[in-house]
Structure formats: structure tokens, C-alpha cells
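Report on the following structure.
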Amino acid sequence: MTKNKIIIVGSGLIGRLMALYLSRQNYDIHLYDKSDKKGTGSAARAAGGMLTPYSESLIAEPEIVTMGMQGISLWPTILSTLDEYTFYQQKGSLVVSHTQDVGDMQRFVRHIQKNWSQCDMQKLNRNQLAELEPEIARRFNSAIYLPEEGQLGNRKLMSALTQQLEVEGINWYLNSQVSHVSKGKIICNELIITADLVIDCRGTGATDDLKNLRAVRGELFQLIAPEVNITRPVRLMHPHYHLYIAPKPNKHYIVGATEIESDNPGPMTVRSALELLSAAYSVHPGFAEAEIKEQVTACRPALSDNRPAIYTQTGLIRINGLYRHGFLLAPVVLQQALAAVTGQLSSSTLNLSDLSHQNPLIKQVS
Ligand SMILES: Cc1cc2nc3c(=O)[nH]c(=O)nc-3n(C[C@H](O)[C@H](O)[C@H](O)COP(=O)(O)OP(=O)(O)OC[C@H]3O[C@@H](n4cnc5c(N)ncnc54)[C@H](O)[C@@H]3O)c2cc1C
């Protein structure tokens, strides 16, 4: 029996996962990206890899938190199918505030108590904080501990997916800008290429085709800080941004991230650099001696309601809007997008309304 041919445009986060999983379901996959194997320019390469749904709950829709908790529980299974190791940990995160932002902290605590009674939030005094993160207790008398939260190494994951796509023999066309995406057809390098199904995973690259899609700029630093020993993500209440410090292996730390309504992926501004680095220094003075490994800027793909969506019509599926939660939500988006493909290409008896009912991210378009 001939295999169904599927073209996937965009090998950022969701495009790579879709390519791998669909290839394992015996589809003939052709993956295109305008960039390189590392994912240069993608949001996925720029990200912080935070898996912190409760910490985000003040600024995210309730569904994001619920899907995020599912995502955290699904990641270990996904990672276990990759040959290359990816850093992943679920040993909680901390939220701290300086005196001037203590009102925001109290608002956050009330919000969790009111809306997320299932969350195992713990208020730590200085001694309890010192047991968990001794170096944070030098500057803070108290903290909120969210033990279910986690993080993963986004660049390690991108590298592990690269290797896996190669091992599993997926047709991958790099440095290939796709200029047109439509039902069962793309145009790349002036060639028309057809397939049974096209899956659009271009992130912010799809703004011309998705009118409700926008780009939201984010900036972060990668630091190497030999004098800092923090073992879990720390979020700092901050008047402008949702600032976090995410420890990675070998004394690497991510300090991020700004959020600016702009589609400019250009270099970091002085204002952002000052805010991010001062915030890191205010949490731990050891950051003063850190080496700046990289300053990173990219744009997050966001739909008007800031939720992800899977738009499906015969011959074309568009997966987009992963916004600031792509890693957190990817396992759930992946599951539902795979169901959307099965709904189109298999002889499954599931009708479209059942499909959308069971997979609420799927939206049928005419
Ligand atoms: C600074 C920053 C920090 C973040 N931190 C976190 C975090 O801590 N936790 C979290 O869960 N999420 C985080 N995110 C969000 C996360 O990175 C995104 O939600 C996710 O990467 C979106 O995945 P995607 O596959 O839709 O898009 P992308 O990862 O951007 O991939 C899109 C791909 O499409 C390709 N492409 C675009 N146009 C074309 C074209 N015309 N032809 C061919 N290829 C094309 C691009 O080259 C790219 O590889 C962060 C994002 C940013 C920017």
C-alpha cells in the first residue's frame, strides 16, 4: 500500500515533533524549513524552557494551566523515545519578591488559592527556603514554592530531535524558504510541490495567511555563573515583566524574558538588558561575575486569544499560537494535532464534531 505523503512546513518545535510522530505512524514525511538544523531564528531555539503553568496563571487562560500540567506529565514519555539525552526536571519552582512588589506576591497567592485549589503551593519561611535553595535565602525572607513545576533544556531538545529525525530517515529540506502554503500544495524555490496533506508549522512565519496571528518579541540572556548555585527556576515579581532565572546544567542560567508587542527580532535593547541583568543581580549578587554567553531575541507566535489552535480543512492543517507556552503545551498540542491528521487521512469513523469535541484545540475551517 502506498503511504500518504505529508509536507510539514517549519521545523521549529511543533514541526519537528509532528514530523517524528507522523513518520512513526508510517506516513511519508517531507519537512521544510527556511533555516538550519539548529533552528536559528525560531522561537524554539530562543526559549527559556520553563514548564511553569501555575506561575504563569495570573497572565494565562485557565486552559493553558490545565493543558500545561498535562504537558509536564507527558514530556518524560516523549523524551524516552529520543536517543539523545535532554535535560528535564520536575523539582518545583520558587516565586520571590522584593519588598516593593510584595503586594503583587500577595495577589498571586490569593489567585492560586481561589482558582487552583489542587495546586500544592507552599509558603516558605526563611529557614524552609534555606533548606531548599540556600543561596536564595541570603536575600529573601520568604518564598512561594510550587513543587509540581519544572523545566527542560529547549536547545538540548532541538538537538535531540535533529538527531532523531536523521536516525529515523525523515526527508528534511533545510535552508528552503516556502513562499506559498495551501491545500495539498506548497511553493518552494519556485517549484510547486504537492502532497495528500500540508501541515503549516511556520510559527510567526504564517502571519500573511493567519490574520489573527501576531508576533510578540521576547529577549533573554544566557549566562555562565560559576558563583551562583541555584537548582530550580526562580521567578521574581517584577513591575514590567514576568522575570525568571532558570538554571541549566554546568552553571548555565537563563535570565528572561521580556514581552513586547512587536514583530522586530533585532538585537536586545539597552533598557531590556538593564532590567534583566539588574533583576538577576538583585536575586543573587554572584551574577555580577557571570559571563554573558549570549543575548537572545526572537518572536513568539500568538493568536488573538493567546491560545494555541489547530485549524483544519481538507488538505491543510495549520498549527499555531503556541505563544509563550510552546514547550509547556507541545505534548498536548501534538496529541490533538495527530488526531486531526488521523481524522483527515485514515478511514477512521470519527466524525468532525466528535473530533473537535475530544480535541478542543481543533477548529474546522471551510
Ligand atoms: C524569548 C522566548 C522565551 C520563551 N520561553 C518559553 C518558556 O520558557 N517555556 C515555553 O513553554 N515556551 C517558551 N517560549 C515559547 C516557545 O518558544 C514557542 O511557543 C514555540 O517555539 C513555538 O513553536 P512553533 O513550532 O510554533 O514555532 P517556532 O519554534 O518559531 O518554529 C517555526 C519554524 O518555522 C520556520 N519557518 C517560518 N517561516 C517559514 C517559511 N516561509 N518557510 C520555511 N520555514 C519557515 C522557522 O524557520 C522556524 O524553524 C519562549 C519564546 C521566546 C521567544
Taking the range 65-105 and the residues there that are part of a helix (DSSP H, G or I) and modelled with pLDDT under 95, the one that is surrounded by the most Cβ atoms within 10 Å (Cβ to Cβ) would be Met105
Does any residue of the range 277-286 turn out to be crowded, with 22+ Cβ neighbours inside 10 Å and over 25 Å from the mean Cα position of the chain (by Cα)? yes
Only unsatisfied item for Ile29, checking (1) in a helix (DSSP H, G or I); (2) surrounded by 24 or more Cβ atoms within 10 Å (Cβ to Cβ), is (1)
Picking from Ser142, Ser176, the residue that is over 27 Å from Met50 (Cα atoms) and more than 17 Å from the chain's Cα centre (by Cα) would be Ser176
State whether one or more residues within the range 215-223 are assigned by TED's automatic domain parsing to the domain that holds Thr258, of a type in the set (Phe, Trp, Tyr), surrounded by 18 or more Cβ atoms within 10 Å (Cβ to Cβ) and within 15 Å of the ligand (Cβ to nearest atom). yes
Against the definition (assigned to a strand (DSSP E or B), away from the ligand (no atom under 11 Å from the Cβ) and under 30 Å from Val109 (Cα atoms)), how does Tyr244 come out, yes or no? no
Taking the range 3-21 as the search range and keeping residues that are farther than 14 Å from Val333 by Cα and β-branched (Val, Ile, Thr), which one is nearest to the ligand (Cβ to nearest atom)? Val9
Given Ile230, Ile192, Ile199, Ile187, which one is part of a loop (DSSP other than H, G, I, E, B) and either more than 9 Å from the ligand (Cβ to nearest atom) or hydroxyl-bearing (Ser, Thr, Tyr) (or both)? Ile230
Qualifying positions in the range 1-26 - part of a helix (DSSP H, G or I) and surrounded by fewer than 18 Cβ atoms within 10 Å (Cβ to Cβ): Arg24
Taking first residues from the range 208-225 that are part of a loop (DSSP other than H, G, I, E, B) and second residues anywhere that are among the hydrophobic types (A, V, I, L, M, F, W, C), the pairs with Cβ under 6 Å that are 6 or more apart or on different chains are Asn212/Leu303; Ala225/Phe287; Ala225/Ala290
Just to be sure before I move on: is Val109 closer than 25 Å to His242 by Cα and either in a strand (DSSP E or B) or in contact (Cβ under 8 Å) with a residue 60 or more places away in the chain (or both) in the structure I sent? no
Has the range 345-366 got at least one residue that is in contact (Cβ under 8 Å) with a residue 60 or more places away in the chain and crowded, with 19+ Cβ neighbours inside 10 Å? no
I'd like the full set of residues that are in a strand (DSSP E or B) and closer than 21 Å to Ala44 by Cα, limited to the range 129-183. Gly150, Gln151, Leu152, Asn171, Trp172, Tyr173, Val178
Show the residue pairs meeting these rules: Cβ distance below 7 Å; 6+ apart or different chains; first residue within the range 38-62 and assigned to a loop (DSSP other than H, G, I, E, B); second residue of a type in the set (Ser, Thr, Tyr) and more than 8 Å from the ligand (Cβ to nearest atom). Thr52/Ser93; Ser55/Ser93
Here the residues within the range 22-69 that are more than 12 Å from the ligand (Cβ to nearest atom) and of a type in the set (Gly, Ala, Ser) are Ser23, Ser57
Name the residue, out of Ala279, Ala302, that is within 13 Å of the ligand (Cβ to nearest atom) and either in contact (Cβ under 8 Å) with a residue 40 or more places away in the chain or among the small types (Gly, Ala, Ser) (or both). Ala302
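Condition check ((1) touching a strand residue (DSSP E or B) at 6+ places or on another chain (Cβ under 8 Å); (2) modelled with pLDDT of 95 or more) across all residues:
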{"position": "Arg318", "(1), (2)": "yes, yes"}
{"position": "Tyr323", "(1), (2)": "yes, yes"}
{"position": "Ala337", "(1), (2)": "yes, yes"}
{"position": "Ser348", "(1), (2)": "no, no"}
{"position": "Asp354", "(1), (2)": "no, no"}
{"position": "His357", "(1), (2)": "no, no"}
{"position": "Pro360", "(1), (2)": "no, no"}
{"position": "Val365", "(1), (2)": "yes, no"}
Is it the case that some residue within the range 153-170 is under 18 Å from Pro247 (Cα atoms) and of a type in the set (D, E, K, R)? yes
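The values are calculated or read from the model by the stated rules, or taken from the named source; none is laboratory data. Only a predicted model underlies this, so the values are computations on that prediction, with no experimental measurement involved. Note that each Cβ is placed from the backbone with ideal geometry, even for glycine, and that neighbours are counted across all protein chains shown.
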